[in-house]
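Below is the structure I would like to discuss, written out as structure tokens.
Bear in mind that the values in this text are calculations on the coordinates, not laboratory data. Please read these numbers as outputs of a predicted model, since none were measured by experiment. Positions of Cβ are generated from backbone atoms using ideal geometry, with glycine treated the same way; all protein chains shown enter the neighbour counts.
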Amino acid sequence: MIASEKGIIKRKPKEFIFKVRTKDQLEAALTMADYVIVPPSLYKKHKKIWLCPPRWGDFTLPKGVTDIYAQNVGHLMYDAEIHAGFGLNIINNEAASFLSDFGVNDITAGIEATKKDILRMKCDILTVYAYGRFPLMLIRQKMKGNLIDRTGRRFPIADDEILNSVKLSLAGKEVNADRLLFDFYDETPRQMNIALDNRENITRGLYGF
């Protein structure tokens, strides 16, 4: 049983992080979340706001940015407080230890991490992706619209990411983490509120909670 294994770290979510894509979502998130992750186009200096640089390509960090949500290893080199994002795909304690060598102890577990992995991941702050259309693929050219597969499923395209056709939601599950991440695509502020307890038309992911 997992509960009897050594190295178990017990956590309980105490904070929410919202990842947003629009100005309306940002304004709502600032009233609802403890921290808000934004793309460069929405960045403004605020104690709650973390900048998420593009996942690939050249990018110059604006002056005054204090917090970075890192989505690739290049982002670890920025001169700012680093929060390791799900794009780094941290799925075990060895990877978490590697990040600690960079002084990064605030980690979002990779979407493929199992319950066992998460229970044994050593870091000061652990976040779990709890809601959203998880990005399945990166594309070179920024686009908008939908990719439709041969079964008729719709995969939204948001800038340089192809998103999942269904939303992941861990609503109603006991999650072993310090923070929960809610990743919003086209939700209105009202739908963002509902998302905190969304249990319909969803996947539970691979975590095993």
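Pull out a ≥ b ≥ c, the square roots of the eigenvalues of the alpha-carbon gyration tensor of region 74-122, then state rounded if a/c is under 1.5, prolate if not and a/b is larger than b/c, and oblate in the remaining case.
Cα axes put region 74-122 in the prolate bin.
Of the listed peptides 174-184, 115-125, what is their order by residue-averaged count of other C-beta atoms within 10 Å, with the highest listed first?
174-184, 115-125
Can I ask one more? When the Cα centres of region 140-173 and region 82-135 are compared, how far apart do they sit, in Å?
22
Dipole magnitude of region 64-151 about its Cα centre, charges +1 at Lys/Arg Cβ and -1 at Asp/Glu Cβ only, in debye to the nearest 20?
For this selection, approximately 580 debye.
Please list 3J(HN,Hα) in residue order for region 50-65, calculated via the Karplus relation 6.51 cos²θ - 1.76 cosθ + 1.60 where θ = phi - 60°; whole Hz, with x for glycine and proline.
10, 8, 10, x, x, 6, 8, x, 6, 7, 9, 5, x, 5, x, 6
Specify the residue with the greatest mean-square fluctuation among Asp58, Asp160, Asp34, computed from a Gaussian network of the chain linking alpha-carbon atoms under 10 Å apart.
Result: Asp58 has the largest fluctuation of those listed.
Let me ask another. Residues with amide H under 5 Å of Asp67's amide H, sequence separation 5 or more or different chain, H placed in the peptide plane at 1.01 Å from N; which?
Hits under the 5 Å cutoff: Leu51, Glu81.
Then there is this: Which Cα, out of Leu51, Gly85, Pro156, lies furthest along the positive dipole direction of region 45-186 (beta carbon charges, K/R +1, D/E -1)?
Pro156
Out of residues 5 or more away from Ile139 or on other chains, whose amide H comes under 5 Å of its own, with H placed 1.01 Å from N in the peptide plane?
When sequence neighbours closer than 5 places are left aside, the close amide H contacts are Glu161, Ile162.
Determine the percent antiparallel among the DSSP beta bridges restricted to the chain, to the nearest 5.
30
Cα-based count: Lys pairs in region 39-142 below 23 Å, eight or more positions apart or different chains?
5
Tell me, what HN-Hα J-couplings in whole Hz come from the Karplus equation 6.51 cos²θ - 1.76 cosθ + 1.60 at θ = phi - 60° for each residue of region 70-84, using x for Gly and Pro?
Listing the rounded values in order: 7, 10, 8, 5, x, 5, 5, 8, 5, 7, 6, 6, 9, 10, 6 Hz.
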